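Please read the structure below before turning to the comments.
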Amino acid sequence: MSSSLVSTAVTVIGLGPMGRALAGAFVAAGVPITVWNRTPGRDRELVERGAIGAASAAEAVAASPQTVVCLVNYDATDAVLRQDTVTAALKGRTLVNLTADTPDRARDTGRWADEHGIRYLDGAVMTPTPTIGTRQAVLLFSGGQELYGEHRQVLDALGGSHTHLGEDVGRAAAYDIALLDIFWTSMTGYVHALALARAEGVSPRELAPFAQGIGAILPAIFQQTADDIENGSYSGEGNPLTSAVSTMTHVVHAAESHGIDTGVMRAAEGLARRTVALGHGTDGFSRIAEVLARR
């Protein structure tokens, strides 16, 4: 990325792995940058590359018209940003919060920002640290459209694709939480499958190519499932829930025969059986989403 692309200064608060990646991308793009971290010393490499290390969070915030914060959760951001001196320094400036937490916490932070005259954007980083500053990065943002447009040029230094999801500051976190739900339940299923395969004499490396084949068919299934739920069709043609329950039971029995914990698959099987018991045995797996949403 050209060093002439961006001229607006930015502050980065939080220099964990992702925070360092974000700050590094700004440095690489030629953005004047100030950094601060609660644990001293983490800014050394960035300072050597041209960043300015601030002595305090308030000093860091005061150095730039916009601050990007990326900490472990919103308890951590509250502990830093809601100090009187930092809040005062943020007044009239833009805060871009790339910390992961729940939509409600994002909205609460948005209200706090409004009350203190802070211009606020919430966001989520959807790809690992090595992608930041490259074409592979994926970032989501929510909050004021005009404010997002105003700061888009400097945020482009983070690379990849950026999507503004709407005025509700909780939208980026809502996407993030839903997508993390997919990721972590999928990864839990995968490591469980590797444990089960190994117990049957199949090594993880032997199974991996076939697991990738399962992954390859998921995009079309994801789209069809979303369409079924949107349309309210919940089609079970080709694979009704009763058949799905049968295959889940096979996994449970095989795993338990080796003494492998089946809590995750038992939970999935339980949801499917509950849905069948409600009279939806001929529907597809998508019906479970409707059942989960019932109050």
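Please treat every number below as a calculation from the coordinates, not as lab data. Because the structure is predicted, anything quoted here is derived from the model rather than measured. We place every Cβ from the backbone using ideal geometry, glycine too, and count neighbours over all the protein chains shown.
Just flag the GluC sites (Glu not before Pro) in region 73-170 sitting in loop per DSSP whose Cβ has no more than 16 other Cβ atoms within 10 Å.
Listed in order of number, the matching sites are 167.
Given contacts defined as C-alpha pairs under 8 Å and at least six residues apart, what's the relative contact order of region 10-167, whole-number percent?
20
Which one, 13, 139, 292, is farthest towards the positive end of the dipole of the chain when Lys and Arg carry +1 and Asp and Glu -1 on their Cβ?
13
Who wins for biggest fluctuation among 121, 139, 147 in a Gaussian network model of the chain, springs between alpha carbons below 10 Å?
Maximum fluctuation in the GNM of the chain, among the listed residues, is at 147.
Taking the Cα centre as origin and putting +1 on Lys and Arg beta-carbons and -1 on Asp and Glu beta-carbons, what dipole magnitude results for region 10-167, to the nearest 20 debye?
360
Do you know the relative contact order of region 200-293, to the nearest whole percent, from alpha carbon pairs under 8 angstrom that are 6+ apart?
Over region 200-293, the number comes to 36 percent.
Can you sort 131, 34, 11, 242 by how many other beta carbons sit within 10 Å, fewest first?
Lowest count first: 242, 131, 34, 11.
Within region 47-82, whose backbone N sits under 16 Å from a point 7 Å along Cα→Cβ of residue 28?
So the set is 47, 49-51.
Obtain the nm distance between the two label points defined at residue 211 and residue 177 by a simple spin-label model: each point lies 7 Å from its Cα along the Cα-to-C-beta direction.
Inter-label distance under the simple model: 2.8 nm.
Along the Cα-to-Cβ line of residue 153, 7 Å from the Cα, sits a label point; which residues in region 83-100 have backbone N less than 17 Å from it?
94
Using Cα atoms only, what is the angle between the long axis of helix 17-28 and the major principal axis of the chain, expressed in degrees (0 to 90) to the nearest 10?
Roughly 50 degrees, rounded to the nearest 10.
Which residue fluctuates the most in the chain, going by a Gaussian network model with Cα springs under 10 Å, if the choices are 40, 65, 209?
209
What does the charge count near residue 99 come to, summing +1 for each Lys or Arg and -1 for each Asp or Glu among other residues with Cβ under 11 Å from its Cβ?
Local net charge: -4.
With runs of 4+ DSSP H residues as the only contributors, calculate the mean residue ellipticity of the chain at 222 nm using -39,500 (n - 2.57) per run, divided by the residue total and rounded to the nearest 500.
Roughly -17000 deg cm²/dmol at 222 nm, from the helical runs in the chain.
Rg/Rh for region 10-167 to two decimals, with Rh computed the Kirkwood way over all alpha-carbon pairs.
0.92
Order of 184, 112 from fewest to most other C-beta atoms within 10 Å?
Exposure proxy ranking, most exposed first: 184, 112.
Residue 220 versus residue 243, label points 7 Å from Cα toward the beta carbon: distance in nm?
If labels sit at residue 220 and residue 243, their model points lie 1.5 nm apart.
Which parts of region 97-139 would a label at residue 91 reach, counting a residue when its backbone N lies under 14 Å from a point 7 Å out along Cα-to-Cβ?
113-119
Taking 0.36 nm per residue of sequence separation and subtracting the Cα-Cα distance, how much length would be gained by fully extending the chain between residue 190 and residue 56, in nm to one decimal?
Additional length available on full extension: 43.9 nm.
Could you tell me which GluC sites (Glu not before Pro) in region 202-295 are loop residues by DSSP with no more than 10 other beta carbons within 10 angstrom of their beta carbon?
Of the GluC sites (Glu not before Pro), the ones in loops of region 202-295 whose Cβ has at most 10 other Cβ atoms within 10 Å are 237.
Separation between the residue 104 and residue 291 pseudo-spin-labels, each 7 Å from Cα along Cα→Cβ, expressed in nm?
Simple spin-label model gives 2.6 nm for this pair.
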